[in-house]
Amino acid sequence: MRVERPGRVHGPAWTELGERLLVHAPVLLAAARSMTLDEAEAQDLVQTTLEIGLRHADQLRDPRALRPWLLTIEAREAFRLTRRLRRLVRLDRTVHQLAAAGDPLADRVAVRRALADLPPRTRAAIVLHHMAGLSVAETSKALGTSGNTVKTQLRLGLARLRELLADD
């Protein structure tokens, strides 16, 4: 089913498209949380991603590629927003959660802290590939880089994560 631009879509087709996009919201939110490291920014990023997806639904050629397409939109939007905000204010990328020793969330918090120490593109590559489940090719498309660049970012990023998590 090919859906026209949202301005021309009415009734059930619009509802169906919105429901198909919303199915992917949990994955988008998980990826956004890891890319932005801030809950409010992550929720805003997901909302923006879904809005862009609705507006540009006619650009999706293969309906089976909806999740990678949305993650691509989200990654690009995250970088665009980060660049814009960086001009205005120094971003604090610390984790605002504290975990007590033995807390079951301690490992997740440690991973989040370690992710925060990675460069943004490396962090995005790890999030999209290992956490969101995109292939290397889909990750490279989402980030606008070559597959070899993504492989290098993944290799170096995982090595750095191992170092950071070994220190904890």
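Which numbered condition trips up residue 81, out of (1) assigned to a helix (DSSP H, G or I); (2) at pLDDT below 85; (3) over 20 Å from the mean Cα position of the chain (by Cα)?
The one condition residue 81 does not meet is (3).
Residue under question is residue 103, and the condition is that it be modelled with pLDDT under 90, in a loop (DSSP other than H, G, I, E, B) and either surrounded by 13 or more Cβ atoms within 10 Å (Cβ to Cβ) or among the acidic types (Asp, Glu) (or both); does it hold? Can you show your working first?
Working: modelled with pLDDT under 90: yes; in a loop (DSSP other than H, G, I, E, B): yes; either surrounded by 13 or more Cβ atoms within 10 Å (Cβ to Cβ) or among the acidic types (Asp, Glu) (or both): yes.
So residue 103 passes the test.
Inside segment 1-36, can you point out the residues that are at pLDDT below 60, farther than 21 Å from residue 77 by Cα and in a helix (DSSP H, G or I)?
7, 8, 12, 13, 14
Looking at (1) modelled with pLDDT under 90; (2) part of a helix (DSSP H, G or I); (3) touching a Leu at 6+ places or on another chain (Cβ under 6 Å); (4) not basic (Lys, Arg), which is the only condition residue 127 fails?
Tallying (1) modelled with pLDDT under 90; (2) part of a helix (DSSP H, G or I); (3) touching a Leu at 6+ places or on another chain (Cβ under 6 Å); (4) not basic (Lys, Arg), residue 127 fails exactly one: (3).
Could you list, in sequence order, all residues of segment 46-73 that are without any contact (Cβ under 8 Å) to a residue 40 or more places away in the chain and either farther than 16 Å from residue 138 by Cα or in contact with a His (Cβ under 6 Å, 6 or more places away or on another chain) (or both)?
Within segment 46-73, 46, 47, 48, 49, 50, 51, 52, 53, 56, 59 meet the criteria.
Are there any pairs with C-beta distances below 9 angstrom linking a residue in segment 16-35 that is closer than 18 Å to residue 113 by Cα and among the hydrophobic types (A, V, I, L, M, F, W, C) to a residue that is at pLDDT below 90 and outside any helix (DSSP H, G or I), with the two at least 6 apart or on different chains, and if so which?
If the second residue must be at pLDDT below 90 and outside any helix (DSSP H, G or I), the pairs left are 30/132; 31/132.
Spot the failing condition for residue 114; the list is (1) of a type in the set (Gly, Ala, Ser); (2) over 20 Å from residue 69 (Cα atoms); (3) modelled with pLDDT of 90 or more, and only one is missed.
All conditions pass for residue 114, except number (3).
The values are calculated or read from the model by the stated rules, or taken from the named source; none is laboratory data. As the structure is a computational prediction, the values presented were derived from the model and not from experiment. Neighbour counts are summed over all protein chains in view; Cβ atoms, including those assigned to glycine, are modelled from backbone coordinates with ideal geometry.
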